[in-house]
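Engineer: Right, I'll just put the structure down here and ask away after.
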Amino acid sequence: MTNDEEQEKLPHKQKTTLILSCILCLFAGAYLYSLILNITPIAALAQSLSLGGGPASRIQRKLLQSGKWMGTDWHLMPSTYLSQYHTAYFQLLLLMATAFLFYGLCALCIHFSPSSKRYAAGLIAAIWVLVICSALIAFYTPGMLSGDIYSYTIYGRLLGIHHANPYFVTPTAFPNDPAYVYVYWKNTTTIYGPVWTIISAALARLAGNTGPGFVHIFRLFAIAMYFLNTLLVMLIMRALGRSLRTIALSAFLYACNPLTVLEGCIGAHNDILMLTFVLLGVLFSIHTLKADTDARRFRAYALPIVAFSLAVLVKFTALALLAFFIIALFYKVLRAKISVTNRRYQWGHAILTLCCASLLAGATIIACYLPFWIGHSLAEIAYSFTSSPFANQVLNCLLYVLYGWNGEYPLSPTLHFLVEQKFWSTDMMIGMGVVGLLGVFILWRSQNIRAILLIVVALFAVFQLFTTWFFAWYPTILVGLIVLCLPVRASRIARALFVFVILFSLGVISLYYTPILTELHGQKAPFFNWLFFCGLAAFIAPVLISLLSLCFPVAKLHLQEEQS
């Protein structure tokens, strides 16, 4: 191509880039406006569920005015209370779907944006603006859709204010505590790890004695972790050798996912802190699992082991990442000197490394639990782990949907096993066992962090599909992990898992519907069996569409996108 032809093409490229940038800004603005409008139904639902968190501030009242035009009662049911509740629910559903639509359109614009470093750097700056705006909207949202902040507060106050052990003392021991009236699970000890319990104690001491104070302090902490997680996603993708455009896309897909904003920032769930430690572990693991790293050295794997152990000490679900990292570490040391001329495995070094890594993880976990266990018997300690409310209950899962369906349209005796909790628990264990065994085999062939992440995402997906106790914020950890696997165009499995996670994070919005309120008033949900729709949208549709994505051919990536 001659210089004259290049000069003629340059204005055309600049014009295309300008148009794409304008479209991206338009979609981003629509996304933020959807989040602002969401404040109105969230506040209405929070009021219906007694999760308002106190009187609205001046800024909150102004934000609530933005959605006033939508109305508060669409007259969906005879009862005014139930009609307003269902109106708020459908508004939330529609607005979250709208936010996801513009979220997807923004992601497509980023994906097809110019690959120049200057433009990508501008994209990253724009994403940080979006992140800050989303965090501000979340902080000033009155109310929330879950009372977990109050649970964190009461257990934190048990330790930090009353100097009681929250693993053996329930909130009922202090009925005059100002947080007690907000708590639903009053007769249950804490189910979270000691790292979160200690942080909750520190935050509870800062929060004061009022409901708004509890909400604001825990939200501020969650938003700080939200910023840190976004930064860690960028650092991890950079350490993996991804292009600036892919780094920007990964950060956007995590930070601007509407479910992440709704439950990570507004709901302030401790999953966001667990993800922080997981991301730190992933960042440290990249160096450990490099081909030229001597993984036998203690300092090579100590940091990721400690980081993953701290994640477990927030919530036990991070245990899978810790286990698969240790397996990958074992394989890497075992096969360290394998070549065409040398076929001898390093069994001695591998077993020693496995033992040291496992002992370090165990010592970290036990050291944090030990101060809470001193003075209690083994039976009491075991009971503290098994007395959780979800051990024998069913909520917001496929089995819960089948319960509702069976109530209206009874299943035949041959299909009655579908509404038995034991059937679903057994299937979950079998499914996780199969994925775990496949993961062990995959790691034997490839000891890298991307393989670990894909295995863990698949394992968590099986757990969340078959568990009998599920909440809508559970997929936020999946979102934080799957974005680290970009690009996914060259792998059918990675692409299918990516499609599943994004659609799953959208579908679970339907699970905010609470049929108990309708049943208490002796009425049924409007239109049709709404629980069946919730199961279809939240669980069935993401699985079917992700399986369909396996049929499409894979693409070859540019060398720069494949580096890790």
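Engineer: Run the dipole for the chain about the Cα centre, Lys and Arg Cβ at +1, Asp and Glu Cβ at -1, nothing else charged, and hand back the magnitude in debye, nearest 20.
Structural biologist: 1440 debye
Engineer: If you take the square roots of the eigenvalues of the alpha-carbon gyration tensor of segment 149-209 and sort them as a ≥ b ≥ c, do you get rounded (a/c under 1.5), prolate (a/b over b/c) or oblate?
Structural biologist: Rounded.
Engineer: So for the pair Cys25, Leu319, with labels modelled 7 Å out along Cα→Cβ, what separation do we get in nm?
Structural biologist: 5.1 nm
Engineer: Another one. Starting from 0.36 nm per residue, how many nanometres of slack lie between Val440 and Ser377 once their C-alpha separation is accounted for?
Structural biologist: Details: separation 63, 0.36 × 63 = 22.68 nm, distance 3.62 nm.
Here the answer is 19.1 nm.
Engineer: Normalised by the number of residues in the chain, what is the relative contact order in percent for Cα pairs under 8 Å and 6+ residues apart? Could the numbers behind the result be given before it?
Structural biologist: Values: 766 pairs, mean separation 77.8, N = 564.
Reported as a whole number, the value is 14 percent.
Engineer: Which whole-number value in Å³ per residue fits the convex hull of the alpha carbons of the chain? Please list the in-between numbers first.
Structural biologist: Numbers: hull volume 106.9 nm³, N = 564.
So the per-residue hull volume is 190 Å³.
Engineer: If you don't mind, there's one more thing I want to ask. Could you work out the helix-only [θ] at 222 nm for the chain, with each DSSP H run of four or more residues adding -39,500 (n - 2.57) and the total divided by the number of residues, to the nearest 500 deg cm²/dmol?
Structural biologist: -21500 deg cm²/dmol
Engineer: Still on this structure, I have one more. Per the 1.4 Å probe, what fraction of the accessible area of the chain, in percent, lies on carbon and sulfur atoms? Show your work: numbers first, answer last.
Structural biologist: On the way: 17540 of 25890 Å².
Taking all protein chains in place, the chain shows 68 percent carbon and sulfur surface.
Engineer: Can you give the local net charge around Pro175? Use residues other than it whose beta-carbon is closer than 14 angstrom to its beta-carbon, Lys and Arg +1, Asp and Glu -1.
Structural biologist: So the environment of Pro175 carries a net charge of +1.
Engineer: Under a plain spin-label model, where a point goes 7 Å from the Cα along Cα-to-Cβ, how far apart in nm are Val181 and Phe552?
Structural biologist: 5.3 nm
Engineer: If you count only protein heavy atoms and use a 1.4 Å probe, how large is the accessible surface of Val306, to the nearest 10 Å²?
Structural biologist: 50 Å²
Engineer: Right, something else. What are the residues whose amide H is under 5 Å from the amide H of Trp469, where those residues sit 5 or more places off or on another chain and H is modelled from the backbone?
Structural biologist: Excluding prolines and chain starts, which carry no amide H, the hits are Leu395.
Engineer: Given the chain, what count of lysine pairs have C-alpha atoms under 19 Å apart, with each pair 8 or more places apart or on different chains?
Structural biologist: Counting lysine pairs in the chain gives 4.
Engineer: Where only protein heavy atoms count, and the probe is 1.4 Å, what is the accessible area per residue for the chain in Å²?
Structural biologist: 46 Å²
Engineer: If you don't mind, there's one more thing I want to ask. Can you tell me the FRET efficiency between Gln421 and Thr16 if r is taken as the Cβ-Cβ distance and R0 is 60 Å, rounded to the nearest 0.05?
Structural biologist: 0.60
The values are calculated or read from the model by the stated rules, or taken from the named source; none is laboratory data. Since this is a predicted model, take the numbers as computed values, not measurements. Positions of Cβ are backbone-derived with ideal geometry, glycine not excepted, and every protein chain shown enters the neighbour counts. All accessible areas refer to the heavy atoms of the entire protein, side chains included, with ligands and DNA or RNA removed. Shrake-Rupley method; radii C 1.70, N 1.55, O 1.52, S 1.80 Å.
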